[in-house]
Amino acid sequence: MTREDVVDVERLTDEAFYDLSVRTHRTGWPEPARRTPARSAHWRQRMEHLVRHDSGGCWVAENRHGLLGVAASMRRDLSWLLATYAVRPGVQGRGVGRQLLDAALSHGSGALRGMLAASEDPLAVRRYRLAGFSLHPMMLLWGTVARDALPVVERVREGSAGDVDLMNSVDRQVRDAAHGVDHDLLTATYRLVVVDRSTGSGYAYVEPAGGPYLLAATNRRTATALLWETLAASTPGEPVAVPHLTQANEWAVDVGMACRLQLWTRGYLALRGMRPPSPYIPSGHFL
Ligand SMILES: CC(C)(COP(=O)(O)OP(=O)(O)OC[C@H]1O[C@@H](n2cnc3c(N)ncnc32)[C@H](O)[C@@H]1OP(=O)(O)O)[C@@H](O)C(=O)NCCC(=O)NCCS
């Protein structure tokens, strides 16, 4: 993949994930939606960052009519991480995805660990299991935060680019790999909240609509305080989502129960050479 592919890759992934959400849609859940222009712009920014830093991990497949699929991955310390993976609807199930995943995995040769957030697509899950990943079912909290349940959170402060060393240290403790250059992009894109105390440290990037984009902490008490802070940032009466929760992160499920969010199952955390990180809420893209 090159930077010139990013616009087409963004469109293709939006189409593939929209098609998947229509196929797997469940009632009681928000209607499947295409990305808004703002989300598409963010998505392209993240992909350009990956192509810049991990060109060997980012691959596209094409024929004479154009783009067929994409797999974008990165190496951070001794971990290989898959950011996105999609084949154009209509040409799925014919072996394109297999070649793309093999190419991306070659970027991780020598890595001790692997992590990705798998969709519910049986075609995707088959690929990951055959590549040796263990599949840990994930839960998602969704709904409107009961404001009267919000506690007073005292130890959390606003973060900045000056917290990158602290965050990389927490990353290494919790998931064995620092986010490194990804923090440069994330601190420029998201609101950051931090806890830095002798009793525990951690951080969370906050989604514009509230809730965590990514959360890591050295203990559950710190993680819980950070999660509350991200939920307090939601707009009263508007829904918020907390995705990518493995059973190892029940502390987060308990926070969701306390503020009356709904609990659903969705996707798998696919891992190789590691246990589900905790206390940790991975992002979809940078995990
Ligand atoms: C996941 C995805 C990228 C895989 O690409 P692909 O080109 O469809 O994958 P492949 O054809 O190489 O592999 C699909 C496998 O499922 C099998 N398969 C095909 N149809 C199937 C069906 N209806 N049920 C179960 N398995 C099926 C294929 O035989 C193949 O297995 P095999 O190689 O062992 O024979 C693509 O399907 C996709 O874009 N899905 C929607 C987006 C998504 O979920 N992305 C993953 C995000 S984590």
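The values are calculated or read from the model by the stated rules, or taken from the named source; none is laboratory data. All values derive from a computational prediction rather than experimental measurement. All Cβ positions, glycine included, derive from the backbone under ideal geometry; neighbour counts span all protein chains shown.
Among the residues of the range 57-92, the ones that are at positive phi and without any contact (Cβ under 8 Å) to a residue 40 or more places away in the chain come to 1 in all.
Check the range 184-198 and report whether any residue there is assigned to a loop (DSSP other than H, G, I, E, B), surrounded by fewer than 19 Cβ atoms within 10 Å (Cβ to Cβ) and touching a strand residue (DSSP E or B) at 6+ places or on another chain (Cβ under 7 Å). No - not one qualifying residue is present in the range 184-198.
Go through the range 27-47 residue by residue and tally those that are more than 16 Å from the ligand (Cβ to nearest atom) and out of contact with any His (no Cβ under 9 Å at 6 or more places or on another chain). Residues meeting the conditions: 13.
Of a type in the set (Lys, Arg) and either surrounded by fewer than 18 Cβ atoms within 10 Å (Cβ to Cβ) or more than 16 Å from Gly284 (Cα to Cα) (or both): which single residue out of Arg175, Arg221 fits that description? Walk me through it before giving the result.
Numbers: Arg175 fails: either surrounded by fewer than 18 Cβ atoms within 10 Å (Cβ to Cβ) or more than 16 Å from Gly284 (Cα to Cα) (or both).
Every option except Arg221 fails the conditions.
Name every residue in the range 110-135 that is among the charged types (D, E, K, R) and within 7 Å of the ligand (Cβ to nearest atom), in order of residue number. Within the range 110-135, Asp121, Arg126, Arg127 meet the criteria. In the condition set (1) loosely packed, with under 14 Cβ neighbours inside 10 Å; (2) over 23 Å from Leu101 (Cα atoms), Arg35 is compliant with all but (1).
Based on what the data block shows, is Met257 touching an Asp or Glu at 6+ places or on another chain (Cβ under 7 Å) and either away from the ligand (no atom under 14 Å from the Cβ) or more than 24 Å from Val170 (Cβ to Cβ) (or both)? No: the conditions fail for Met257.
Among the residues of the range 150-168, those that are without any contact (Cβ under 8 Å) to a residue 12 or more places away in the chain and part of a helix (DSSP H, G or I) comprise Gly162, Asp165.
Checking the stated criteria, Leu50 turns out not to satisfy the condition of being modelled with pLDDT of 95 or more and within 14 Å of the ligand (Cβ to nearest atom). Kindly establish whether Asp14 is at negative phi, over 18 Å from the mean Cα position of the chain (by Cα) and in a helix (DSSP H, G or I). When the stated conditions are applied, Asp14 does not pass them.
Among the residues of the range 159-166, is any over 30 Å from Leu261 (Cα atoms), more than 12 Å from the ligand (Cβ to nearest atom) and β-branched (Val, Ile, Thr)? Yes, the range 159-166 contains a residue that is over 30 Å from Leu261 (Cα atoms), more than 12 Å from the ligand (Cβ to nearest atom) and β-branched (Val, Ile, Thr). The set of residues in the range 1-53 that are acidic (Asp, Glu) and over 19 Å from Leu67 (Cβ atoms) contains only Glu31. Among the residues examined, Glu238 qualifies as charged (D, E, K, R) and either more than 25 Å from Trp80 (Cα to Cα) or out of contact with any strand residue (DSSP E or B) (no Cβ under 8 Å at 6 or more places or on another chain) (or both). For the range 213-230, the criterion of being over 18 Å from Leu116 (Cβ atoms), of a type outside the set (Phe, Trp, Tyr) and free of Cβ contacts under 8 Å to residues at least 12 places away in the same chain is met by none of the residues.
Which residue is surrounded by the fewest Cβ atoms within 10 Å (Cβ to Cβ), if the candidates are limited to the range 249-286 and must be among the aliphatic types (A, V, I, L, M) and assigned to a strand (DSSP E or B)? The residue in question is Leu263. Checking each residue in the range 67-109 for being modelled with pLDDT of 95 or more, more than 9 Å from the ligand (Cβ to nearest atom) and over 17 Å from Ala270 (Cβ atoms) picks out Leu67, Asp77, Leu78, Gly90, Ala103, Ser106.
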